[in-house]
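Shown next, in structure tokens, is the structure this report addresses.
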There are 2 protein chains.
Amino acid sequence: MKSSRSPDPPDGAGAQSSAPARTRGRGLGRATQATVAARAGVTTMTVSRFLRAPQQVSAETADKIRAALESTGYTPNKHAGMLAGRRSSIVAVIVPSIASSTFSGTVQALSDGLQPRELELLLAATNYDPQREEQQIRAVLAWSPSALVVTGRTRTPAASALLRQAQADGVPVVQIWDFDARAGGFVQIGFNHTRVGELMARHLLSCGHDDLVYVDNSVPHDLRAHERGKAFARVARKARARVRVLNMPRLEPMAAGRAVLQQLRAEAAMPRAMAFASDFPAAGAWLAAQDAGIAVPAQLAMLGFGDYPIASQLGAGLSTVSVDRQSLGTICAQQVLAMVYPESSPPVAAQQREIRPRIVARGST
Amino acid sequence: MKSSRSPDPPDGAGAQSSAPARTRGRGLGRATQATVAARAGVTTMTVSRFLRAPQQVSAETADKIRAALESTGYTPNKHAGMLAGRRSSIVAVIVPSIASSTFSGTVQALSDGLQPRELELLLAATNYDPQREEQQIRAVLAWSPSALVVTGRTRTPAASALLRQAQADGVPVVQIWDFDARAGGFVQIGFNHTRVGELMARHLLSCGHDDLVYVDNSVPHDLRAHERGKAFARVARKARARVRVLNMPRLEPMAAGRAVLQQLRAEAAMPRAMAFASDFPAAGAWLAAQDAGIAVPAQLAMLGFGDYPIASQLGAGLSTVSVDRQSLGTICAQQVLAMVYPESSPPVAAQQREIRPRIVARGST
DNA sequence: TTGAAAGCGCTAACAG
DNA sequence: CTGTTAGCGCTTTCAA
């Protein structure tokens, strides 16, 4: 059984204990393929092969290796595997925020979709800071990810250059949460925020309102919310309606929505219809309206965005715009798989990559 | 300028274009330290040194290297760095769910806390499946993380063994979201769920109620919610109150809370006080109660868990149990830093690691 | 302050 | 079916 073919396995070729012994050399001290190979009386190549293509190894040898694997408590070292094999099984994902339900549903679906192929998620949150995004792109690229998923289409020039470079180097890049036919360069999975703003304005206009407010997010770099607001205002003005775009105070979103409504009442500046950057401020305002005895929609129509669970729970329901965040994540996962394993994963149809927002008309409009 | 000291840099020693050229050899095709070294007329060692300890390199050389770095578009290869240097800058985090606000707030705070030290987050979601957790622990360990953060104290024996082994191999392990003085082995940051259940029951009892319902989560492996429910029932029974533990239907949480309330009304089985596995079903039930004209708290007292933003927004407020999810994440980050960089990061006081849940009494009780 | 040598753990390519 | 050789890109150690 004794063998000295392998170059100095950390565990020693003749280790006796069933618990893996650890000796501190230069390495991590864990069992390596060399340790396993020594135990099984084969070379590391055979162990490596067994691990990746067991059918190429004879049954006998396989049994010995299995036993050795077991008794050494071998854990592969993916860094070494990556270095030698240039396949990293890491998918890097950069989103503005982890805590916001906006992105967490998508990330969850993405994670679930990648799980079967044993791709792991390297996740970073920019907190809507473009500088930080740039740093994070740089940082995750150092891990040679199999794919890189980023949020939105606007970023610093340097960040864009990094993405282009990465793509040129063979790292698939997917942009999510935004879809702009004119923005080329990377695969996009998302929806058009201008279109959403237009949709929202047209919905309220079609209900007969001509005094509108759009309550925008006050996060400076939530450009997508601003884009919806701008489109909303443009359409409203075109229809000769009165329209104001307000910024919410920088509070927790529901509290911010509540505060906006209270402010408008205090100033006797109430509009007849309000649209919000998301369902959460809309819900806060809805609850404030209820507390104040304002009849919705008779005195005030309200329209949210996102179709979060809360929207269907408020009284007769909060009207909103639905974008399927979860399926966005699922489609993103499919797209990533299609790019990483083109032979074994079906491509995603171009038309699937554009998520269709739609008005969900409930009791609040 | 021409040099052939370095072993065959991918980019070639004399590349002219400002954009880094790429030729496919065995490697990734990206510029490596060898590429940079060749451009700067030094060895890779000097480049490596410059990158990690610039002050050890002469100003002249530093300038040359900086220029070469720039012109080659060098991106480090962290796998190679890890393999040679045994430092991975990856922190692995395994949570039951990414989408649930329960964990996403904590993960966000953890991510923010690790950001300054340039540690990146490898995130996995178990979806409350113990088998999947075991796989994921195995998978992330292959990346030799600097630290491993797991959720809760209950897992498969194999998973526990993996964690113990990892810790023995020098990987710091932190358990979050649970705190049990008897559960040794790993650092814990969290709170005691039994204590929370007791707290909830005592609060309702102290309001004079003797007919209680606990609405439990129906996710089979959300053991922590069950633990709260069991403690709740025990305390209630001890006080000779009537107490029922109900499972919510498997719906979206707010909808599930609404459904439970409707069911109880339909069966004419309404209690006088209800406690919920979280604020979301509580909020759903609160809204249903409001729709049904049930006076809260006069006819029905309601108590949530988690102190999510919605709790403070409902009418006179939903009473709840506050546990600071964000500070849990922040403290976890500090703990990880203290374990990864013991010389430069202050230790976390033991007493800080136990998060104190407290009743937030609002208008619903 | 800089360099040479060796090796981290693994896999591609080629032999046998 | 199994082994040999070489090398992925970086850092450690030691020497100059």
With the condition kept exactly as written, say whether any residue in the range A:83-100 is over 16 Å from A:C332 (Cβ atoms), surrounded by fewer than 21 Cβ atoms within 10 Å (Cβ to Cβ), of a type in the set (S, T, Y) and near DNA strand D (Cβ under 8 Å from one of its atoms). no
Can you tell me which residues in the range A:300-319 are more than 17 Å from B:G315 (Cα to Cα), within 14 Å of chain B (Cβ to nearest Cβ) and under 22 Å from the mean Cα position of the chain (by Cα)? A:G306, A:D307, A:Y308, A:P309
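Yes or no, residue by residue, for (1) over 19 Å from B:L337 (Cα atoms); (2) among the charged types (D, E, K, R); (3) under 19 Å from the mean Cα position of the chain (by Cα):
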| position | (1), (2), (3) |
| --- | --- |
| B:S160 | yes, no, yes |
| B:Q165 | yes, no, no |
| B:E198 | yes, yes, no |
| B:H203 | yes, no, no |
| B:R234 | yes, yes, no |
Which pairs do you get when a residue that is within 14 Å of chain A (Cβ to nearest Cβ) and in contact (Cβ under 8 Å) with a residue 40 or more places away in the chain, found in the range B:30-48, comes within reach of a residue that is β-branched (V, I, T) and within 11 Å of DNA strand C (Cβ to nearest atom), reach meaning Cβ atoms under 9 angstrom, with the pair 6+ apart or on two chains? B:T32/B:T44; B:Q33/B:T44; B:Q33/B:V47
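Just name the residue that is farthest from B:L148 (Cα to Cα) out of those in the range A:101-160 that are among the β-branched types (V, I, T) and within 12 Å of chain B (Cβ to nearest Cβ). Break it down stepwise before answering.
Our first condition is that a residue be among the β-branched types (V, I, T); within the range A:101-160, this holds for A:102, A:106-107, A:126, A:137, A:140, A:149-151, A:154, A:156.
Then keep just the ones that are within 12 Å of chain B (Cβ to nearest Cβ); that gives A:102, A:106-107, A:126, A:137, A:140.
On the way: A:T102: 27, A:T106: 24, A:V107: 20, A:T126: 22, A:I137: 23, A:V140: 19 Å.
This residue is A:T102.
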When you scan the range A:219-234, do you find a residue that is closer than 17 Å to A:C332 by Cβ and outside the structural domain of A:L141 (by TED's automatic domain parsing), even just one? yes
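With A:G284, A:G329, A:G257 as the choices, which residue is within 14 Å of chain B (Cβ to nearest Cβ), within 30 Å of A:A147 (Cβ to Cβ), buried (at least 16 other Cβ atoms within 10 Å of the Cβ) and not acidic (D, E)? Show your work before the answer.
Numbers: A:G284 fails: within 30 Å of A:A147 (Cβ to Cβ); A:G257 fails: within 30 Å of A:A147 (Cβ to Cβ).
Answer to the check: A:G329.
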Consider the range A:55-75. How many of its residues are within 12 Å of DNA strand D (Cβ to nearest atom), surrounded by 18 or more Cβ atoms within 10 Å (Cβ to Cβ) and aliphatic (A, V, I, L, M)? 2
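Determine which member of the set B:G293, B:G329, B:G306 is at pLDDT 95 or above and over 23 Å from B:S111 (Cβ atoms).
Being at pLDDT 95 or above and over 23 Å from B:S111 (Cβ atoms) holds for just one of B:G293, B:G329, B:G306, which is B:G293.
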What helices (runs of 4 or more DSSP H) completely inside the range A:23-87 contain at least 1 residues that are near DNA strand C (Cβ under 7 Å from one of its atoms) and closer than 30 Å to A:V171 by Cβ? A:33-40, A:44-52, A:78-85
Say whether the condition of being within 38 Å of the chain's Cα centre (by Cα), more than 14 Å from chain A (Cβ to nearest Cβ) and modelled with pLDDT of 95 or more is met by at least one residue in the range B:77-89. no
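The values are calculated or read from the model by the stated rules, or taken from the named source; none is laboratory data. Since the structure is predicted, the reported quantities are computational estimates derived from the model, not experimental observations. Here the Cβ is made from the backbone with ideal geometry for all residues, glycine too, and neighbour counts use every protein chain on show.
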